[in-house]
Each structure stands twice: as structure tokens, then as C-alpha cells.
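Engineer: Can you keep this structure in mind? I'll have questions shortly.
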Amino acid sequence: MSNVPLSPLLEKFRAHLEHEKGSSPHTVRNYLIDLVDFERYLVERMKLTLLAASHASIRGYLGTLAVEHAPASRARRLASIKSFYKYLVRQKLLPASPAKLVKSPKLPKSLPKVLPVDEVFAILEIPSQKTVLGLRDRAILEILYGGGLRISELCGLDLLDVDRSGRIIRVMGKGSKERLCPVNAQAIRALEAYLARRGELLAEPKPGQAPEAVFLNYRGGRLTPRSIARHLDGYVLKCALQRKVSPHAMRHSFATHLLGGGADIRSIQELLGHASLSTTQRYTHVSWEQLQEVYDAAHPRA
């Protein structure tokens, strides 16, 4: 969004997201992309300002998106608009939000994409143990699966966030909420192997280097979520898996495998950093077979 001039109201909203809410750069960027597009619609099609938008004009905007955008995309746009107008109401710039009663598109209920344990292990073994970038990628995959981190959380890790002896990683999650994530011994060993050679990525001074970051690109800058997803695609291809595997699938698999191993749902909620237990409960579908076995073994009529 750095190349797109923002109207005064959107500039104020950007400052609110960055400084008051502590939203991540990724979140701020997505909000502003949505709102710039909405403002363009209002000005060009409806001859309205952001302050003059109505319930009908917001519904009309969502209607223009119906052909080319999936329900999830339209719902995200509406969520951005609702947040913006809530902010304007709190700032007493509007008496009420015109978006308050606009209904979100119905979304298909989707279950988390989970990998079988053997497929996760196969992916973890692919990165080279001979190069610093291979060691880095092995450490990334081990921590994604071993700690259940979000990809943005992993990219944001600094060296001071890692307690290798205690096997604890301090994570800054959504809404700038800090939590401590335990990780397994294999993940720590993979991380130590990478850190032993990490200095090679900073050996030649280059613009944009981030010596405080744990995970670096080949120029010594902080690694991005997009880069990690691209590298993961390559490893999945080498494994010949017939499925798309995102970094978030490693987090889903972490939670599902913990549940299958006997961890309780509230502990998993804490490990994942979910604000709501209902979010974590999506993972309970995978234990249905285990529940069926328990039922068959215990119920007198089974």
C-alpha cells in the first residue's frame, strides 16, 4: 500500500490499526487494500464519500464482487468495512455504522487440512543437511510442526525469543498477544544445527539485513511467509505427495496429532493461541474414529 495514496480517513484508520490495535503489517495491508477498493467504488460508481455510505451502497458493493470473488473473499471485505465503520463511530465521526446490519455471505464449513503423521515426517526429512539454507528450512518445518506456530509468528521470531535450553519459544500472536510455545527436542536440534551456520547468511553486508531475526533469506534479510510457502511447495513436490500443503497445514497437523495422542482440547487451545475454544474445537472431527472405538468398547448396547 506504500504506493497508493490514502484518503485522510483511511490514513487515520491505518494509524489506529498500527499504533492502537498493534495489528501486524500483513493485517493492516489487507484492511487497506479492501477499503481502498470500497472507497473507489463509492466515489466512481455512487458519487459518495466514505462518510456518506449507506447500508444499500455497501450491499451494492458486495453485489459487484459476487461474480469474480468467492464468499470467503466477500466476507473478508465486509469484515474490513465493518471494522472501519466501527472505528468511525467510536471516533464520533458517524452516529451509527451503515455496515452494522449488512449480512455476511454464507461460508461453506471447511475442516482443517491435516496431513498423516508419515507424510509430515517425509516432508521434514527432505531439506538438505549440507547447506545453510537446507538446515534453515529443516528448522522451519520442525518448528512449524513441533510448536504449532502461525507462519507470521515464525517469520517474526528474533534470536532473543528462543530459549534453547528450556525448549521454549516466545511468540507474538494475533492482537499482539504474547505466549510461550514448548517445542520438542528434535526441533531444537534442527534449530541449533541451522544457528551454527546462520552467520554465513550475514557474512557479506547487504541492504535490508536483519541480524536480530532467527530465519534469514540468502541475503540476510528476514524471511517472509511467501518465501516459506514457496520452499514448502518444492519439498512437497519432491515427496511426490498428491496434495497441496500450506505452512498452515503443519499447524493444523500439530493440533490434530496432539489431540489424537491424548492432549485435552483446552491445552491445545493454549498452545495454538486461540482466543476462543470454539476455534480449537474444529480439530475434534479427526478424533471421531477414536471416539467410535471408545463407544464400541464401553457402551453396553454397542
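The values are calculated or read from the model by the stated rules, or taken from the named source; none is laboratory data. For clarity, every value in this text was computed on a predicted model and none was experimentally measured. Reconstructed Cβ throughout: ideal geometry from the backbone, glycine too, with neighbour counts over all protein chains shown.
Engineer: Go through segment 163-197 residue by residue and tally those that are crowded, with 19+ Cβ neighbours inside 10 Å and touching a helix residue (DSSP H, G or I) at 6+ places or on another chain (Cβ under 7 Å).
Structural biologist: Summing the residues that are crowded, with 19+ Cβ neighbours inside 10 Å and touching a helix residue (DSSP H, G or I) at 6+ places or on another chain (Cβ under 7 Å) in segment 163-197 gives 9.
Engineer: From the list Y85, Y31, which one is surrounded by 13 or more Cβ atoms within 10 Å (Cβ to Cβ) and modelled with pLDDT of 95 or more?
Structural biologist: Y85
Engineer: Quickly run through segment 87-105 and pick out the residues that are among the β-branched types (V, I, T) and either touching a residue at least 40 places away in the same chain (Cβ under 8 Å) or closer than 15 Å to D37 by Cβ (or both).
Structural biologist: Answer for segment 87-105, where residues must be among the β-branched types (V, I, T) and either touching a residue at least 40 places away in the same chain (Cβ under 8 Å) or closer than 15 Å to D37 by Cβ (or both): just V102.
Engineer: Taking segment 43-69 as the region of interest, how many residues are among the hydrophobic types (A, V, I, L, M, F, W, C), in contact with a Ser or Thr (Cβ under 9 Å, 6 or more places away or on another chain) and surrounded by fewer than 19 Cβ atoms within 10 Å (Cβ to Cβ)?
Structural biologist: Number satisfying all stated conditions: 4.
Engineer: On to the next question. Let me spell it out: the conditions are (1) among the charged types (D, E, K, R); (2) buried (at least 17 other Cβ atoms within 10 Å of the Cβ); (3) more than 24 Å from L216 (Cα to Cα), and K100 meets all of them except one. Which number is the exception?
Structural biologist: Every listed condition holds for K100 apart from (2).
Engineer: Right, next: So, in segment 24-59, of the ones that are hydroxyl-bearing (S, T, Y) and in contact (Cβ under 8 Å) with a residue 40 or more places away in the chain, which residue ends up nearest to K174 (Cα to Cα)?
Structural biologist: First, pick out the residues of segment 24-59 that are hydroxyl-bearing (S, T, Y): 24, 27, 31, 41, 49, 54, 57.
Keeping just the survivors that are in contact (Cβ under 8 Å) with a residue 40 or more places away in the chain gives 24, 31, 54, 57.
On the way: S24: 8, Y31: 15, S54: 31, S57: 31 Å.
Restricting to residues being hydroxyl-bearing (S, T, Y) and in contact (Cβ under 8 Å) with a residue 40 or more places away in the chain, the top hit is S24.
Engineer: Hey, another quick one. Among the residues of segment 120-142, is there at least one that is more than 20 Å from T27 (Cβ to Cβ), at pLDDT 95 or above and under 16 Å from the mean Cα position of the chain (by Cα)?
Structural biologist: yes
Engineer: Give the residue that is farthest from I151 (Cα to Cα), with candidates limited to residues of segment 173-195 that are outside any helix (DSSP H, G or I) and touching a residue at least 24 places away in the same chain (Cβ under 8 Å).
Structural biologist: N184
Engineer: Also: Go through segment 209-254 and report how many residues are assigned to a loop (DSSP other than H, G, I, E, B), of a type outside the set (D, E, K, R) and within 26 Å of V114 (Cβ to Cβ).
Structural biologist: 8
Engineer: Can you confirm whether L9 is in contact (Cβ under 8 Å) with a residue 60 or more places away in the chain and of a type outside the set (G, A, S)?
Structural biologist: Spelling it out, L9 is indeed in contact (Cβ under 8 Å) with a residue 60 or more places away in the chain and of a type outside the set (G, A, S).
Engineer: Still on this structure, please answer the following. Are any residues in segment 54-91 farther than 26 Å from H19 by Cα and outside any helix (DSSP H, G or I), and if so, which ones?
Structural biologist: The answer is S54, A66, V67, E68, H69, A70.
Engineer: Surrounded by fewer than 14 Cβ atoms within 10 Å (Cβ to Cβ) and of a type in the set (G, A, S) - does that describe any residue in segment 212-233?
Structural biologist: Checked against the condition, which is being surrounded by fewer than 14 Cβ atoms within 10 Å (Cβ to Cβ) and of a type in the set (G, A, S), segment 212-233 yields no hits at all.
Engineer: Given the criteria touching a residue at least 60 places away in the same chain (Cβ under 8 Å) and outside the structural domain of M250 (by TED's automatic domain parsing), does F84 qualify?
Structural biologist: yes
Engineer: Then there's this: Going by the conditions given, is G208 touching a Pro at 6+ places or on another chain (Cβ under 7 Å) and either closer than 19 Å to S253 by Cα or assigned by TED's automatic domain parsing to the domain that holds A249 (or both)?
Structural biologist: Spelling it out, it is not the case that G208 is touching a Pro at 6+ places or on another chain (Cβ under 7 Å) and either closer than 19 Å to S253 by Cα or assigned by TED's automatic domain parsing to the domain that holds A249 (or both).
Engineer: Every residue in segment 124-150 that is surrounded by fewer than 22 Cβ atoms within 10 Å (Cβ to Cβ) and in contact (Cβ under 8 Å) with a residue 40 or more places away in the chain, please.
Structural biologist: I126, Q129, V132, L133, R150 - these are the residues of segment 124-150 that are surrounded by fewer than 22 Cβ atoms within 10 Å (Cβ to Cβ) and in contact (Cβ under 8 Å) with a residue 40 or more places away in the chain.
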